[in-house]
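Any read-out appearing in this document is the output of simple, stated calculations on the displayed coordinates, not a laboratory observation. Just so we're clear, the structure is a prediction, and the values are computed from it rather than from any experiment. Glycine gets a Cβ as well: all are built from the backbone with ideal geometry, and neighbour counts include every protein chain shown.
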Amino acid sequence: MQYIFFDEQTADFFPLTYTRPIADLRMGALTNAERWRWYLCAHSEQMGYAADLAYLRALYPAPALGGGDYCFINGRAIGNATWAQELQALQPKQSLMYNGKIIGFRIEADDKTNLYGWKTLEGLCEWKVSKIADNQAIILQRAWDLFRFNAQILAADFDLLTRGRSSAAISRSNTIIGDESRVFLEAGAQVEAATLNVRDAPIYIGKNAEIMEGALIRGGLALGEGAQIKMGAKLYGANTVGDHCKIGGELGNSVFWGYSNKGHEGYVGNSVVGQWCNFGADTNTSNLKNNYSTVDMWNYSRERMESTGLTFCGLVMGDHSKCGINTMFNTGTTVGVSVNFFGAGYPPKHIPSFTWGGSEPAQWQTYALPKALDTAARVLSRRNLPLDDAQKNMLTAIWKETKEQRL
C-alpha cells in the first residue's frame, strides 16, 4: 500500500508550513511523517505527499501512480499504534473518523487520479469511527500545539525508538537522577560531566550528538543527530532539538528544527523555531504576560491576533530567519520566513516574511530576494549543502505570496 499525507488548512500553521507540508512538522523525536512510518512499518518509498502549496511539490513529491491501494492520511493527525492498525484495516472506499475529523481514507488509484483533489476522493468514501482512547488522540490545530503536546509525544517517541534496543554506554562522569534506562544514546553520541534528570521524562540523544560538560538537562529531551548542547546550558523539558542544532543558555518546552542555532546565553521558552535560523547572543523570549492573562498570536488567515488559550506562549519563527544580539521577543510573537531582525526594544508581535529591520515598523525594509537567496546559500554551504533550484523556487514563491503582508 502507498501512503499519502494530505494538508488541511495549511495557513493554520504558517509560517512553519510555508516551507513544508503539515505532516513534516516536528515534535517529540520525529516529524509526523516519520512517526507514521514507524507505526505503519512502512518503507520511505511507500510514502509521499499531496502538498497543498504547489511550490512544495518538487521538494515533497507524491508517489508515482499506478494500480493499487492508496491510503491518504491527514497530516494533522499525530501517528499512534491504534490509528495505524485501524487505517490498515480499512477497505477501499472507507474513511476513518475521530470526533468528526478525518484521520484517513483508502482508495484504489490509477494514473488519472488527482491526488491533490483529496477532498473529492474522500467524499466518495463511507466512514468508520476510530476506537482510540481520548488520551492518545492528538490532532494538531495551531502551531503552538507543537510545544503544547511535546512532552506527551516525546515520551511516546522514546518508547517507539528504543523498544528492544540497547543504549550506547553512558560515561560515569555524568550525574544521572532517576532510572538510567530512561537515558538512551545512539552510536557516536558523547555526554560528559553533565547532569541528566529523568525522574519525570526520558532523554534521547541522537547519533553523533554531543552534550558538553556542565550542562543541566531535565527530561524530556530529544536531541537530533549531530546536534550540540553547549557547556553550562540549562534545559528543562520537554524540548526537541533537531539535527545539527547548537543550543546554549536556557531552553524550556520548545521545539527547534534542524540546522538552527541558539548558541549563547538567553532564554527561549514555549516556542517553535524553524530550520536554518540563528539567534544572536543574549536573545530572550517572553512567554508569560505580566497580568498572567492568556496569550494572543497572529492568525494568518484572518490577518489579526487570536487567543491561544495558553498562559505560557513565546515565539513561532519560520525558516531562514535571524535576529541580532540582545533581541527581546514579546509573548506570542510570530516571525515569518527569511526575516533579519535587529535593534533595541520589543518588535511587534507579527514580523512578516522577508522583513529587514529593527523594532520600529516604520523603518522596516523588504529583504531583497537576491540578498535573501544569497544568504540562504551561504548558510547552507557552511554545512556542505547546496541551495538547489527547488529551494530557490520555494523561497521565491514565498517572497511573492507574502508581499501584501509587508505593505
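Panel note: the C-alpha atoms of the range 2-136, placed on their principal axes, show extents of 38, 33, 27 Å (largest first).
Close amide H partners of residue 255, meaning residues 5 or more places away or on another chain with modelled amide H under 5 Å apart, are 240, 271, 272, 273.
Net length available on complete extension from residue 305 to residue 225 is 25.2 nm, with 0.36 nm assigned per residue and the Cα-Cα distance removed.
Judged by the mean number of other Cβ atoms found within 10 Å, the most tightly packed of the peptides 305-315, 267-277, 4-14, 54-64 leads the ranking 267-277, 4-14, 305-315, 54-64. The separation of the range 25-74 from the range 296-339, counted between C-alpha centres, amounts to 28 Å.
For the range 176-181, putting each phi into the Karplus relation 6.51 cos²θ - 1.76 cosθ + 1.60 with θ = phi - 60° gives couplings of 10, 9, x, 6, 4, 5 Hz, in residue order, rounded to whole numbers and with x for Gly and Pro.
Among the trypsin sites (Lys or Arg not before Pro) in the range 281-353, those located in a DSSP loop and surrounded by at most 12 other Cβ atoms within 10 Å of their own Cβ are 302.
Grab the alpha carbons of the chain, take their convex hull, and tell me the volume per residue in Å³. Could the numbers behind the result be given before it?
Values: hull volume 58.4 nm³, N = 407.
Given the Cα convex hull of the chain, per-residue volume reads 143 Å³.
Label separation (residue 400 vs residue 149): 3.4 nm, computed from points 7 Å beyond Cα along the C-beta direction. Inter-label distance, residue 360 to residue 388: 4.5 nm, where each label sits 7 Å from its Cα along the C-beta direction.
Find the Cα radius of gyration of the range 222-265, compare it with 2.2 N^0.38 Å by division, and give the number to two decimals. Present the calculation step by step, with values, prior to reporting the outcome.
On the way: Rg = 8.9 Å, N = 44, 2.2 N^0.38 = 9.3 Å.
Compactness ratio reported: 0.96.
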